[in-house]
Structures are given as C-alpha cells and as structure tokens.
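The values are calculated or read from the model by the stated rules, or taken from the named source; none is laboratory data. None of the values given here were measured: they were computed from a predicted structure. Virtual Cβ from ideal backbone geometry, glycine too; neighbours counted across all protein chains shown.
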Amino acid sequence: MTCMNHKHILQIKNLSVTFTQYEQGLRKTDLRVIRNLNVSVGEGELVAVVGSSGSGKSLLAHAILGILPQNCDAEGNIWFQEELLSPERIKELRGKKIVLVPQSVNYLDPLEKVGKQVRKEQNEKSLRRKQEELFDFYKLPQKTADLYPFELSGGMARRVLLTTAMMESPRLIIADEPTPGLHLEAAKKAMSHFREFADKGNGVLLITHDIELALEVADRIAVFYAGTTVEEAPVADFQSVDTLRHPYTKALWRALPQHGFHPFPGNQPYAKDMPNGCPFGPRCPQLTSECEGNIQEQTIRFGRVRCIHAK
Amino acid sequence: MDIGRYSGILKYVVKSIIKIISLLIAVSILSFVLVSASPVDPVRAYIGEVGMANMSVENLAKLEAYFGINTPPIERYWNWFTGFVQGDMGSSLLYRQPVASVIHVKFMNSMVLMTTAWIFSGLLGFLFGIIAGLYRGRWIDKAIKGYSLLIASMPTFWLALVLVMIFSVWLQILPIGLSVPIGVNAAEVSILDSIKHLILPALTLSVIGIANITLHTREKMIDIMGEDYILFAKARGKSNLSIIRHHALRNILLPAITLQFASISEIFGGSVLVEQVFSYPGLGKAAVSAGLSGDAPLLLGIAVISAALVFFGNLVANLLYGIVDPRIRRGSAYE
C-alpha cells in the first residue's frame, strides 16, 4: 500500500520553518528548525511522523495549521485535498476540515467547563445534541460537560480532546503526541479512534516520538531527523532492516527492544550548528565527501529517502 | 448545609484571624519600640523651643508626666495594650482627643481619597495592561509601557508638585491643598468643594497606581497569550475576539484580583506622601504628625489600623480567589 494509489488529503512539499531570534542584544539570527520537509497523507491513511522528543515535530503541526508564533516564518507548499493553501484559506479550514488533537489537558482552558469548550461557547440545540452524541460515542458520561478540565482523568481528557476535534466534520486530524505517558497497549487502544476515523476515508497525521506505537497503528511512517523527513516508508518495510532505506531509520530499527536494543551514539545536531549536506552525516557510518553536497530526495521501492547511498 | 465544601474556607478564615492577631501585636510592639527609641522629645515637639524656655520647672514636670516620659517603656506599652484590648485606644497627645475619634475622622477623609484612587488605578491599569499585553511589541504597547515605566520611576511627591504647579498655579482651576476651602464655615462647605479638593490628590495617587497595575497585568497577559489553551483555541479556528473574551479575560481575572487587593498597601503608602504634599487631613498626614511629635498612642493606633486594613485586603483577595477559581472552589469536593 503506498500513497500513489490514493488521492491525497494532505501534501506538504519543501516546508521550512525559521525562527528569528535576537541574541546578545540586537544581533538577529535565523534559526531554521524545519527544512525542506516533505510528507503526504492519502485518503484512508494514517501517517506517522516519528522523531525524537524536542526535535521540533510539534512545529510541523503548528505550521500546517498556521498557528506558528509571530517570530516564526514558514515557507513551502501545502495542499489540502489537491488545493494549494494560502494563509487565508488555512484560517478558514482550521478547526473545521483540518483539526488538531493536542497532547494534554493543558490545551483546555482551566477555567471553563468542558462542555462549553467543546461547543466553542455556542449554545444552540443542534450543537448541544452533537456534543451529547459524541460524548456517548466516546463513552464519556454526560455530566462530563459540567466538569472543569482539572477534574478529568487522563483518559477522559484524551476523549474530550477528541470530541473537540469531531464537533465539526473534519477530513484531516493532526494528532500531536496524543498518547503521552501511556504504555503501548493503552496507547494502541487510544489510537483506535484515529484508526477508525482514517478507515472512513479520512486522513490522520500522527506526530509522535513513539516508534513502536507508530509501527502498530500507522500505514506509513515518515522519519523526522534534525528538522526534516529523512525517509518515508510503508510500515511493512519495517519488518526487516534490509527493506529500510536511510541509515538513521536503520539505526532506529536496531535500537528497538525486539531488535537487540542497540543504542546509537551521538545526538541530533542543534538547528544552529547544522552540518553541510546530510544532517545525519556526522553520525553516519557511510559518510562520504558527496554527503556534504545537496541531498535530493529519491524514490526507492514506493518509499522516499534523502540519502545518496540508499538502495 | 453542606459543611464539607466550606470547611476548607472556614479553616482558612480561622487561621487568618490567628495570624492577624499575632501580626497586629508584632506591629504595635515594633511601632512602640521605634517611637520610644526616636530622638524626638514629645514635650519639646509639643510646646516648641520658645515654650520650653519660658516654662516653669513645675509645669514642665506636669507636662512630662502627661506625656509619660518617666514611666518605664514596658509599663507604658502594657498600659496601652490592656486599654486597646478593652477597646480604648487612649488619647492622642497631639490632638487632645481620643485616638479612636481622631482616626475615625482622618480615616474617613483618607478613605474617599484612597478608594477613588484604588478604583481608578485598578480599572485603568487593568485595561491598559490587557491592551499592551495583547498588542505586545506594537506601537500601542510601546506607548503604554513607556508611560508606565516613566510613571513608575517617578517619586510620588514630585508628581504631586508638578500637578499642583500645572493645575493650581498656572491654570488656577484646582485648589493647592487641604480638603476644604480656607476661611469657610464647615457647614457651608459644599460637596463640589470637597470634590474639587479631592481631584489632585486622587489623581496623583491614581496615576502612580496605574503604572504598577498596568505593568503587572501586561506581563500576565503575555503569559496567558502564550499558554497552550490559547494556541489550541486558535487551532480550532476561533476568532481573536472570541479567544480574548472567553479565554484571556477569564484567566487574567485571577491575577488581577490578587493585584488589585495587594495594591491596597501601595496606595496606603502613597497616600502618606500625597496627603503630606497636599496637606490633606487624612490618615497618612496624621501618621506623619504623630511620628514627628512623638504621639505614641496615635501612631500605634494608626499603625495597627493600617496593618489590619492591608491584611484584610489580602484576605479578601484570597477568599475571592477561592470563589472565582474552580480548581480551589471545587478542588476540595473532588479530592
């Protein structure tokens, strides 16, 4: 199963996100935290973007929704249902066709009752009914509406956040670390709602650090390293290390408990001191001088990879 | 009655009462020590240098006895303390009236002044702070912030003098000081007169108070606008107006309450200076006079009353917090 057989719901090409910072008084520096990122989600697909914590994955979600901070600039093209999006169009779509499911209860206003927040402070009968239906669907007691966020358990909070997403009829869910602190079984269960949603012909972009979870639920996996996606591969390719393309993906695979738990030395480069060419170069066993040039993305066996040595 | 839900508040109030009693005792002891240790000789301050020179030894001894110079300090304090506990605050040596009635009159004068300033600085500071926080970095924020920093670094008495210069000396539309016109019978003073005399001191106090509240509110507003729930509200396609109305204002209310009630102490402190400059016969001015003339009973009375007032303000803020914030209000019921 590859993205090529599907109509795209979301397609991101060459997305770059730059922070403008002032350091030591008035010296302005640009910090590129995401560079030339490509990722796509087809109809019926659940695509996981996997990267280590603190690598700027959340910014990807914020860039798609157009909610980056003011000192942050995004370039690149985003298509939604084959339509190239402008910032104005994103504004119209967010919260309606493209929704975010955030990671924790902190994303709810602590001083407003849950029901009111789910309905975005609207009080029409139809919305009330929809909210009640969704609470039933997600097995939330109706009295949850009268609780404040701090009164929700972790599981309830996750389901409330889902309800906020489903109040409109979205085509794409962007789930940003939706299962923090859950062990694999519980996380898989929490993810079943996303799977169901995708199976109805919608798209889910799951942003996570948890590769084991991604392998369980996703159709395709995009591996995020130092601000870019180094490889986009069908989940089946993760059966064996030989079907994987990028040396970083292979290193990740070997680091999994079931594959020997081999740690991989070194750290991701910080956005400020990024090496020339391939960002993985300094840690890569296959490093050659060509790696310091411009690395084009290539398609190999229905997957895409950003490595000149990939086979 | 569901006692369970309110037991937390009840416990809190009882604890606070114990706290305030110990605080007031400490404040009175400290003030007494300070006024006893002060180099001001109350008799000399009371009758002046010339009076001292012309006074006979017997009369001087009588006066010293009246001022209690020769009574040991601990005994004097104890006398004051036992009287105070029974509701007798003693007599002011300076005004030759019971301290309670002096404080009552002065307190009423100050109250009008301070309440006006408190409300104005609270409302305007809150408004300016929110605007500046929302439009952080834009020109309007820079203007508000610049103004607040300028005012905050200005000495109160200096601002008062500048205002007097502008409005009383140059424009001559407002009186220089006092709370009533000079040379007019107390019965003939109109409300308009009182208001006219109130404007400049209240303006000075408000202007000074606004700066502080604005800067604090601005910081809080910036913090709130950076919260995850604001980001999520944006991601859900809510309009800026709806985000401000439903989330930002709701969340800034809590710190605003704390700030507003905590500012009572600052307004109180400011009023001492302002009343001095405008010769406004309030509590602040009475405190200064009492201190300068060694009027221990009055000074102790004022210190205790003002400490109680400030403490009460903070107590109200904390209680309001419990009412407004569901995490405190409902927290106990769901423990």
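So which residues in the range A:150-191 are assigned to a helix (DSSP H, G or I) and among the small types (Gly, Ala, Ser)?
A:Gly154, A:Gly155, A:Ala157, A:Ala165, A:Ala186, A:Ala187, A:Ala190
In this structure, is A:Val160 in contact with a Pro (Cβ under 7 Å, 6 or more places away or on another chain) and not assigned by TED's automatic domain parsing to the domain that holds A:Leu65?
Criteria not met by A:Val160.
With B:Ser263, B:Ser190 as the choices, which residue is hydroxyl-bearing (Ser, Thr, Tyr), modelled with pLDDT under 85 and either surrounded by 17 or more Cβ atoms within 10 Å (Cβ to Cβ) or at positive phi (or both)?
The conditions single out B:Ser263.
Go through A:Leu60, A:Leu37 for me and flag whichever is surrounded by 20 or more Cβ atoms within 10 Å (Cβ to Cβ), of a type in the set (A, V, I, L, M) and outside any strand (DSSP E or B).
Exactly one residue qualifies, and that residue is A:Leu60.
Within the range A:245-290, track down each residue that is surrounded by 10 or more Cβ atoms within 10 Å (Cβ to Cβ), at pLDDT 80 or above, of a type in the set (Phe, Trp, Tyr) and not in a helix (DSSP H, G or I).
A:Phe264, A:Phe280
Identify all residues within the range B:102-122 that are under 19 Å from B:Ser265 (Cβ atoms) and without any contact (Cβ under 8 Å) to a residue 24 or more places away in the chain; write none if there are none.
B:Met111, B:Thr115, B:Ile119
Here is a yes/no grid of residues against (1) of a type in the set (Gly, Ala, Ser); (2) closer than 19 Å to B:Gly294 by Cα:
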site	(1), (2)
B:Ile21	no, no
B:Phe32	no, yes
B:Ser38	yes, yes
B:Gly51	yes, yes
B:Met55	no, no
B:Phe67	no, yes
B:Pro72	no, yes
B:Phe81	no, yes
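Out of the range A:114-125, which residues are without any contact (Cβ under 8 Å) to a residue 40 or more places away in the chain and within 8 Å of chain B (Cβ to nearest Cβ)?
Answer for the range A:114-125, where residues must be without any contact (Cβ under 8 Å) to a residue 40 or more places away in the chain and within 8 Å of chain B (Cβ to nearest Cβ): just A:Glu121.
Could you say which residue among B:Ser110, B:Ser56 is surrounded by 14 or more Cβ atoms within 10 Å (Cβ to Cβ) and among the polar types (S, T, N, Q)?
Of the residues listed, the single one that is surrounded by 14 or more Cβ atoms within 10 Å (Cβ to Cβ) and among the polar types (S, T, N, Q) is B:Ser110.
Exactly one condition in (1) more than 12 Å from the chain's Cα centre (by Cα); (2) among the hydrophobic types (A, V, I, L, M, F, W, C); (3) assigned to a strand (DSSP E or B) is not met by A:Leu68; state its number.
Condition (3) is where A:Leu68 drops out.
Only one of (1) under 30 Å from A:Gly66 (Cα atoms); (2) hydrophobic (A, V, I, L, M, F, W, C); (3) within 14 Å of another protein chain (Cβ to nearest Cβ); (4) surrounded by 21 or more Cβ atoms within 10 Å (Cβ to Cβ) fails for B:Met221. Which number is that?
The failed condition is (3).
Can you tell me which residues in the range B:149-176 are without any contact (Cβ under 8 Å) to a residue 24 or more places away in the chain, closer than 16 Å to B:Ile199 by Cβ and part of a helix (DSSP H, G or I)?
Within the range B:149-176, B:Val162, B:Met165, B:Ile166, B:Val169, B:Trp170 meet the criteria.
Residues B:Thr258, B:Thr204, B:Thr214: which one is crowded, with 22+ Cβ neighbours inside 10 Å, out of contact with any strand residue (DSSP E or B) (no Cβ under 7 Å at 6 or more places or on another chain) and within 27 Å of A:Leu111 (Cα to Cα)?
Going through B:Thr258, B:Thr204, B:Thr214 in turn, the sole match is B:Thr214.
If you take the residues in the range A:77-112 that are acidic (Asp, Glu), within 14 Å of chain B (Cβ to nearest Cβ) and surrounded by fewer than 17 Cβ atoms within 10 Å (Cβ to Cβ), which one is farthest from A:Ile173 (Cα to Cα)?
Restricting to residues being acidic (Asp, Glu), within 14 Å of chain B (Cβ to nearest Cβ) and surrounded by fewer than 17 Cβ atoms within 10 Å (Cβ to Cβ), the top hit is A:Glu88.
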